[in-house]
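What follows is a single structure, written as structure tokens, with notes after it.
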Amino acid sequence: MTFLPVHPFSSLKWPFEQTDIDVKKPSTSLLVWLTSMSKFSFAVARIHHAVRSWPMHAVSSSPEQSTSRTLFRLSIGVFLAGGFLTAVVGLLVPRLTITFGLGYSRATLIQFAFHLSYLIFAVPIALAVLRIGYMRAIVVGLTVMVLGCALLICATVARSFALLLFALLTLSTGITFLQIAANTVVTVVGGSSQAAARLTLLQGFNALGTVLGPLIGAMFLLGVVGHGTPGSRLWAVIPFVIGAVFLTGLAVAFQRYRDLLPRPAPASQTLVLRRTRALLCNRRLAWGAAAIFAYVGAEVTIGTLLPNFLMLPTTLHAMPVIAGQMASLYWGGAMIGRFAGAYLLQRCDAGLALFIASATAIALTTVGAFNVGSGLLASIALIAVGLCNAIMYPTVYAIALPIDPTEAPLGSMLLCMAVVGGAIIPLMTGALADRIGLPASLMLPGACYLLIASFGWSARR
């Protein structure tokens, strides 16, 4: 009995000559499949434990316990969908470099458009969250994301690069709503002592989505590269159709529970706005924003360029669909690390753990950038960076976010604006890759981890 279905495009000729890794070799395909599925099975077990256990001890009174349980379960879908679509968007970069022959600097405009909204719309969205409340803001964000998926479908069918960039900006605007509203409410509701562990646990579901994204999306986005027929374009929209349907269901669910949490009082909104200047002078918040800028820039850059790296003759010379699916191993490392980190961060210092993870990421990125040892070793090292990334975002976020609930929304806004690092660092790395080569250019995201390590060292107890 075979574990892999016959791919509908397996008979097509590929634009790259295959040497070391062949998609048609059962042993290679089976290895990629089994490795990814083992991580998926691990995640399912952790999900079952998390849903049953975390909300039960988060609060003491029965009404609050019911609210916390409902909020936690709804948030799982939000984090899962966000991870899935983020990973699928990352596959558009290798698709464009192959289909349109774009250089790295132009192809990474995908991530520039996708992350630009965090800088442009973070302030008005944060004010909207304060006005309409967390639950309604999440409904708005999910609805905007559905619109973004619809535009992505139109852009793929029409083969319009300009429409594609606009669709990505729309999609990320919806995600910005979720970043500010969902991350903040999960951090604030349930107390601050376990905020890092709580957010890390939910980020694990986000990482599960990033594993499923390449496994599913690579078959449709990279399995048909170089074939611009209408039929192939219709296959390429399937991941976005899946995303639109799932997001619609989530929007309906959150609309049903829109009154689960009370809206912010008008007086508290005024108070928060008065504290904006003082909040900008908060050294820990500013330092944390810089760390998030560096983290998102590094993670997105490596995750986006990893398929292209694995296709290089000096590394694995993998075919596009296999290289895209192997990116799930990178995101899978983050998934396993986040579920494990949710447990470990309850028992060890968050700042020290952040420092160790960042230092390890620096070493692994250096091995990948300079191709130390062999192409196989460099590929393994770069994939392993995903495991180091696991605890970084939720830990930095929880450490930097102000404890005062009245300051949390604007603090979250500033941290969310820092996600624009995912627009800047990939673009800079792409420009470097066109000049000095892809492997050497990865030292730029590697340098980003130096800033994160410094933040972790300063935050240790």
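The values are calculated or read from the model by the stated rules, or taken from the named source; none is laboratory data. These numbers were taken from a predicted model, which means no experiment stands behind them. Cβ coordinates were reconstructed from backbone atoms using ideal geometry, including for glycine residues, and neighbour counts include every protein chain displayed. Only protein heavy atoms, including side chains, enter the accessible area calculation; ligands, DNA and RNA are left aside. Shrake-Rupley method; radii C 1.70, N 1.55, O 1.52, S 1.80 Å.
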Within the range 129-144, can you find the residues that are open to solvent by less than 10 Å² (accessible area, probe 1.4 Å) and closer than 19 Å to Ile76 by Cβ? Met135, Ala137, Ile138, Gly141, Leu142
Specify the residue that is farthest from Phe240 (Cα to Cα); the eligible residues are those in the range 154-179 that are surrounded by fewer than 24 Cβ atoms within 10 Å (Cβ to Cβ) and among the small types (Gly, Ala, Ser). Ala162
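Would you confirm, using the coordinates I've provided, whether Ile425 is surrounded by fewer than 22 Cβ atoms within 10 Å (Cβ to Cβ), among the β-branched types (Val, Ile, Thr) and on the phi < 0 side of the Ramachandran plot? First the steps, then the outcome.
Values: surrounded by fewer than 22 Cβ atoms within 10 Å (Cβ to Cβ): no; among the β-branched types (Val, Ile, Thr): yes; on the phi < 0 side of the Ramachandran plot: yes.
So Ile425 fails the test.
Could you list all residues from the range 75-93 that are within 20 Å of Gln203 (Cβ to Cβ) and open to solvent by less than 20 Å² (accessible area, probe 1.4 Å)? Outline the logic, then answer.
Our first condition is that a residue be within 20 Å of Gln203 (Cβ to Cβ); within the range 75-93, this holds for 75-90.
Of everything in the range 75-93, those that are within 20 Å of Gln203 (Cβ to Cβ) and open to solvent by less than 20 Å² (accessible area, probe 1.4 Å) turn out to be Ser75, Gly77, Val78, Phe79, Ala81, Gly82, Gly83, Leu85, Ala87, Val88, Val89, Gly90.
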Condition set over 20 Å from the mean Cα position of the chain (by Cα) and open to solvent by 50 Å² or more (accessible area, probe 1.4 Å), scope the range 448-461, selection nearest to Arg283 (Cα to Cα): answer is Ser458
Restricting the range 218-243 to residues that are open to solvent by less than 20 Å² (accessible area, probe 1.4 Å) and part of a helix (DSSP H, G or I), which is modelled with the lowest pLDDT? Ser232
Going through the range 94-121 in order, the residues found to be assigned to a helix (DSSP H, G or I), crowded, with 24+ Cβ neighbours inside 10 Å and not aromatic (Phe, Trp, Tyr) are Pro94, Arg95, Ala107, Ile110, Gln111, His115, Ser117
Take the conditions in a helix (DSSP H, G or I), in contact with a Lys or Arg (Cβ under 9 Å, 6 or more places away or on another chain) and within 16 Å of Leu354 (Cβ to Cβ) and apply them to Ser454. Does it pass? no
Just checking, does the range 210-217 include any residue being modelled with pLDDT under 85 and open to solvent by less than 10 Å² (accessible area, probe 1.4 Å)? no
Among the residues of the range 358-378, write down those that are touching a residue at least 24 places away in the same chain (Cβ under 8 Å) and surrounded by fewer than 24 Cβ atoms within 10 Å (Cβ to Cβ). Ala359, Thr360, Ile362, Leu364, Thr366, Ala369, Phe370, Asn371, Gly375, Leu376
Within the range 247-257, restricting attention to residues that are within 12 Å of Leu142 (Cβ to Cβ) and not β-branched (Val, Ile, Thr), which residue is most open to solvent (accessible area, probe 1.4 Å)? Gln255
Can you name every residue in the range 384-420 that is surrounded by fewer than 24 Cβ atoms within 10 Å (Cβ to Cβ) and either among the β-branched types (Val, Ile, Thr) or under 30 Å from Thr314 (Cβ atoms) (or both)? Ala384, Leu387, Ile399, Ile403, Thr406, Val420
Candidates Leu151, Leu147, filtered to the one that is at pLDDT 95 or above, assigned to a helix (DSSP H, G or I), touching a Ser or Thr at 6+ places or on another chain (Cβ under 7 Å) and open to solvent by 40 Å² or more (accessible area, probe 1.4 Å): Leu147
